[in-house]
Amino acid sequence: MIRYYCKKGSDLSMKNNVDKNYFKDLNRKDYIEKAYEIITNEGTKAISIRRIAKEMGCSSTCLYRYFKNLDELLFYAHMGFLNCYLEDLENAEKTWKTVWDQHLGVWECYTRAAFRYPEAFDMIFLHENSKNLDTAVVEYYNMFPENLSGFKEHLKKMLETPGFYDRDFEMCMQCVDAGQISLENAKKMNHMECTLYMGYLKDILSNGIKEEDIEDRVRCFVREVKDIANFYADKFEYTGAII
């Protein structure tokens with residue numbers, strides 16, 4: 001019979017080491033930042049539970065203390081790709097003169113980012129996990145409040161509004177409040193614009209898009225949104241560059 005002998009206290013020491021790795025001092029934000037870093041450098045396919053555990057220096061099972069599964073982590077990590085949209089939005093906001101400049105300008109900034117990172121924007125707003133977007137958006141911006149600094153209150157409200165159609169409708173309501181369009185027509189405009197966007201995004205997801213073609217596709221989309229807005233508006237004044 002072979003007997004194994006351990007030094008006194010070694011079992012406890014081993015357990016403490018395991019616990020130290022398993023219960024490492026991490027939080028959801030740590031995981032999200034690391035996953036975003038990997039996706040940015042290597043793409044979504046490079047993400048796995050084992051890869052995350054190795055990068056974080058903890059047990060693979062530790063992830064489940066913070067996320068239901070890997071898909072939930074990926075959902076939050078992809079929200080990091082909203083940053084380029086927010087930066088573009090912050091700069092563009094300074095140039096808007098009318099409520100319609102704002103309305104079309106938000107779409108221009110949004111599609112510029114979405115067409116560049118279609119998988120990320122699809123996962124955030126249109127994927128199965130987007131059902132929880134109402135709480136995810138608020139939680140994400142609570143973890144990264146610096147991404148919302150410098151915005152006017154009505155834009156913050158729009159950015160924090162869950163639901164794809166609801167988010168655009170916040171901007172439609174700005175036009176209603178300014179007396180530029182009726183509430184009934186704003187609802188129709190909202191539906192038409194969002195449906196148009198989903199068609200554009202689906203085409204890019206299916207067929208891809210070259211970097212040099214993104215701006216042309218954005219301008220094409222904004223022109224169509226402009227036509228929709230002009231059709232439903234009681235008053236329409238747009239001074240932006242896309243005509």
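Read-outs throughout are calculated quantities, based only on the coordinates presented, and are distinct from any laboratory measurement. Keep in mind that this is a model prediction, so the values were computed, not measured. For neighbour counting, all protein chains shown are included, and Cβ atoms are generated from backbone atoms with ideal geometry for every residue, glycine included.
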Quiz item: Among Leu126, Leu86, which comes first, second and so on when ranked by fewest other beta-carbon atoms within 10 Å?
Solution: Leu126, Leu86
Quiz item: Over the Cα atoms of region 65-137, what Rg and Dmax result, in angstrom?
Solution: 14.2, 48
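Using the 10 angstrom Cβ neighbour count as an exposure proxy, how do Arg50, Arg223 rank, fewest first? Can you show the working numbers first?
Numbers: Arg50 9, Arg223 13.
Ordered from fewest to most neighbouring Cβ atoms within 10 Å, Arg50, Arg223 come out as Arg50, Arg223.
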Exercise. Please list the equivalent ellipsoid semi-axes of region 19-67, computed as the square roots of five times the alpha-carbon gyration tensor eigenvalues, in descending order and whole angstrom.
Key: 19, 10, 8
Quiz item: If each residue's Cβ is checked for other Cβ atoms within 10 Å, how do Ser206, Ser60 rank with the fewest at the top?
Solution: Ser206, Ser60
